[in-house]
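The values are calculated or read from the model by the stated rules, or taken from the named source; none is laboratory data. Values in this document were obtained by computation on a predicted structure and should not be read as measured data. Using ideal geometry, Cβ is built from the backbone for each residue, glycine included, and neighbour counts are taken over all protein chains shown. The protein model used for the area step is the full one, side chains on, heavy atoms only, and it has no ligands, DNA or RNA in it. Shrake-Rupley method; radii C 1.70, N 1.55, O 1.52, S 1.80 Å.
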Amino acid sequence: MRQKNVFLTGSRKVVLCAVLAAVMAALQTAMAFLPNIEPVSLLILVYTLVFGRNVFYIIYTFVFLEGLLYGFQLWWVTYLYIWSLWALAVMLIGGKKEHSPLTWAAASGAFGLSFGALDALPYLAGGPAAAVSRWISGIPFDLLHCGGNFFLALILEKPLYQLLVQLHDRAER
């Protein structure tokens, strides 16, 4: 069984979730010069496989950090549900069995492609035309997001998963 689902408790959980969220924020900031090519999707994938439901603590800490860094505008609200939906999708796909890197790459690419549509949902408040125009204008970025997610997951999912499990196992000794 590949899915580790490490159970975290107490102060260790708080510290680990904060550190992993900070890693996501730092890596996203470091890669900001590349349009919509980001490590967050990959890290949420790996964190979900390793930590199961505890990933939501990491996600919401990350989203809070993003709000502190860049402001709490409408895009921030979308982060509250988009990253959680990705974690839920990983849980549904992951189950209890091992998947090939290609499976995770395809799922991650599909998530990147759907990101713009999910991001456009709050803009329905301005009417369907506002949401559709937001979505359509972002399609080139969604294509980049799809390709970036696909290749990052294809190359890095398995080694990152193994590294995180090894680090956790060492910390348990």
Q: Compute the longest continuous run of the chain that contains no exposed chymotrypsin sites (Phe, Trp or Tyr not before Pro); treat a site as exposed when its DSSP state is not H, G, I, E or B and it has at most 13 other Cβ atoms within 10 Å.
A: 73-173
Q | Between 0 and 90°, nearest 10: helix 101-120 axis offset from the chain longest Cα axis | A | 40 degrees
Q.
Once the convex hull of the alpha carbons of region 1-94 is built, what does its volume come to per residue, in cubic angstrom?
A. 95 Å³
(Q) So with the 1.4 Å probe, I'd like the accessible area per residue for region 59-129, rounded to whole Å². (A) 49 Å²
Q. Applying 1/(1 + (r/R0)^6) with R0 = 25 Å to the Cβ-Cβ distance of Ser11 and Leu80, what FRET efficiency is obtained, to the nearest 0.05?
A. 0.50
Q. Taking Cα atoms of the chain, Rg/Rh with Kirkwood Rh, to two decimals?
A. 0.97
(Q) 7 Å from Cα along Cα→Cβ at both Leu121 and Val19: what's the point-to-point distance in nm? (A) 3.3 nm
Q: Rounded to whole Hz and in sequence order, give me ³J(HN,Hα) for region 78-92 from the Karplus expression 6.51 cos²θ - 1.76 cosθ + 1.60, θ = phi - 60°, writing x for Gly and Pro.
A: 5, 5, 4, 10, 4, 5, 5, 4, 5, 4, 4, 4, 4, 4, 5
Q: Starting from the Cα gyration tensor of region 29-77, take the square roots of the eigenvalues, sort them a ≥ b ≥ c, and report rounded, prolate or oblate (rounded when a/c is under 1.5, otherwise prolate if a/b is larger than b/c, else oblate).
A: oblate
**Q.** Farthest toward positive dipole pole in region 46-162 [+1 Lys/Arg, -1 Asp/Glu at C-beta], among Ala105, Ile59, Met91
**A.** Met91
Q: Could I have the simple spin-label model distance between Phe64 and Leu102, label points 7 Å from Cα toward Cβ, reported in nm to one decimal?
A: 4.2 nm
Q) What full-extension length gain, to one decimal in nm, is calculated for Ile155 and Leu27 as 0.36 nm per residue of separation minus the Cα-Cα distance? A) 44.4 nm
Q: Round to the nearest 10 and give me the degree value, 0 to 90, for the angle of helix 10-30's Cα axis relative to the longest principal axis of the chain.
A: 50 degrees
Q.
Rounded, prolate or oblate, given the Cα gyration tensor of region 44-128, with a/c below 1.5 counting as rounded?
A. oblate
Q: Treating the angle as unsigned and between 0 and 90°, give the value, to the nearest 10°, between the Cα long axis of helix 139-172 and the longest Cα principal axis of the chain.
A: 20 degrees
